1. Looking at the stretch 174-190, can you tell me whether even one residue there is in contact (Cβ under 8 Å) with a residue 24 or more places away in the chain, at positive phi and in contact with a Lys or Arg (Cβ under 9 Å, 6 or more places away or on another chain)?
2. Could you check the stretch 77-164 for helices (runs of 4 or more DSSP H) lying wholly inside it with 1 or more residues that are open to solvent by 40 Å² or more (accessible area, probe 1.4 Å) and closer than 29 Å to residue 180 by Cα?
3. Quick check: anything in the stretch 55-69 more than 30 Å from residue 140 (Cβ to Cβ), outside any helix (DSSP H, G or I) and open to solvent by less than 50 Å² (accessible area, probe 1.4 Å)?
4. Based on what the data block shows, is residue 132 under 22 Å from residue 105 (Cα atoms) and either touching a Lys or Arg at 6+ places or on another chain (Cβ under 7 Å) or free of Cβ contacts under 8 Å to residues at least 24 places away in the same chain (or both)?
5. Taking the stretch 18-54 on its own, how many of its residues are of a type in the set (Val, Ile, Thr) and modelled with pLDDT of 80 or more?
6. What is the number of the single condition among (1) over 30 Å from residue 64 (Cβ atoms); (2) within 12 Å of the chain's Cα centre (by Cα) that residue 120 does not meet?
7. Determine whether residue 105 is under 9 Å from the mean Cα position of the chain (by Cα) and more than 20 Å from residue 173 (Cβ to Cβ).
8. Condition check: of a type in the set (Ser, Thr, Tyr) and without any contact (Cβ under 8 Å) to a residue 24 or more places away in the chain. Does residue 141 satisfy that?
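The values are calculated or read from the model by the stated rules, or taken from the named source; none is laboratory data. Bear in mind the structure is a predicted one, so any value in this text is a computation, not a measurement. Every residue, glycine as well, gets a Cβ built from its backbone with ideal geometry; the counts of neighbours run over all protein chains shown. Heavy atoms of the whole protein, side chains included, go into the accessibility calculation; ligands, DNA and RNA do not. Shrake-Rupley method; radii C 1.70, N 1.55, O 1.52, S 1.80 Å.
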Amino acid sequence: MGLITVAAIALVLNPQAGSSKPKTAAKPTSDVSQDRINEIWGHVDTRINNQADIWYELGEFPSCVSLLRVQSGYQPHSYDICTNLGWMLENIELPMEAIDVYVDFANRHPNWGDAMFPAGNAYYNLKDYPNAIKYLGASLSKNPTQNTYRVLARAYERSGKLQDAIRTWELELKRFPKELTPIANIKRVKAKIAAGGK
């Protein structure tokens with residue numbers, strides 16, 4: 001099956017593909033069962049993933065990006081597809097386009113604590129610590145996983161905001177009291193402050 005055919009099937013089965021509206025499964029008609037529709041979608045994904053693997057091995061990264069954009073069009077709520085697309089965009093040196101993908105995903109999931117992590121982490125990797133702090137800091141009230149606390153604390157530290165870094169490590173420790181990482185980092189940053197903040 002050609003990729004154009006795959007994309008056409010995706011659009012026929014889900015005319016909302018690519019829209020900002022949440023995906024709703026196509027309703028079964030009298031001649032097409034939901035099981036059959038799910039089977040077709042499974043084959044679409046398998047075909048796209050197999051072709052993406054081939055192109056990735058050949059270094060055809062822009063082609064991989066195109067396939068991931070098709071997938072994100074009909075699976076706009078998939079964290080894996082979002083982060084794969086963003087990662088590939090970063091690989092081809094389009095970090096701001098990757099961040100747009102991450103922020104769009106986060107906007108679709110405003111109550112999920114880890115939804116902003118990809119955007120905040122991408123800003124951190126770009127050494128844009130104010131934006132990393134902006135995106136990751138907004139997640140703290142939504143009970144994110146440890147990575148959000150850790151990257152946020154490091155962004156504060158790299159920005160010279162050592163007390164904020166300690167406060168963030170302490171918040172992680174409060175949520176995850178068995179974690180050793182925040183304990184070690186609180187001690188390290190306090191020693192840094194005692195040594196004059198260097």
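1. Initially, the stretch 174-190 is screened for residues in contact (Cβ under 8 Å) with a residue 24 or more places away in the chain, giving 175-176, 179, 181-182, 185, 189-190.
From what's left, at positive phi: none.
Within the stretch 174-190, none of the residues are in contact (Cβ under 8 Å) with a residue 24 or more places away in the chain, at positive phi and in contact with a Lys or Arg (Cβ under 9 Å, 6 or more places away or on another chain).
2. Working: elements: 79-91, 95-108, 117-125, 129-137, 146-158.
Fully inside the stretch 77-164 and qualifying: 79-91, 117-125, 129-137, 146-158.
3. Kept after step one, since they are more than 30 Å from residue 140 (Cβ to Cβ), are these residues of the stretch 55-69: 55-67, 69.
If we keep only those that are outside any helix (DSSP H, G or I) as well, we get 58-60.
Filter again for open to solvent by less than 50 Å² (accessible area, probe 1.4 Å), leaving 59.
Yes, that holds for at least one residue.
4. yes
5. Narrowing the stretch 18-54 to residues of a type in the set (Val, Ile, Thr): 24, 29, 32, 37, 40, 44, 46, 48, 54.
When the remaining residues are screened for being modelled with pLDDT of 80 or more, the result is 37, 40, 44, 46, 48, 54.
Selection size over the stretch 18-54: 6.
6. (1)
7. On the way: under 9 Å from the mean Cα position of the chain (by Cα): yes; more than 20 Å from residue 173 (Cβ to Cβ): yes.
The answer is yes for residue 105.
8. Numbers: of a type in the set (Ser, Thr, Tyr): yes; without any contact (Cβ under 8 Å) to a residue 24 or more places away in the chain: yes.
Answer is yes for this residue.
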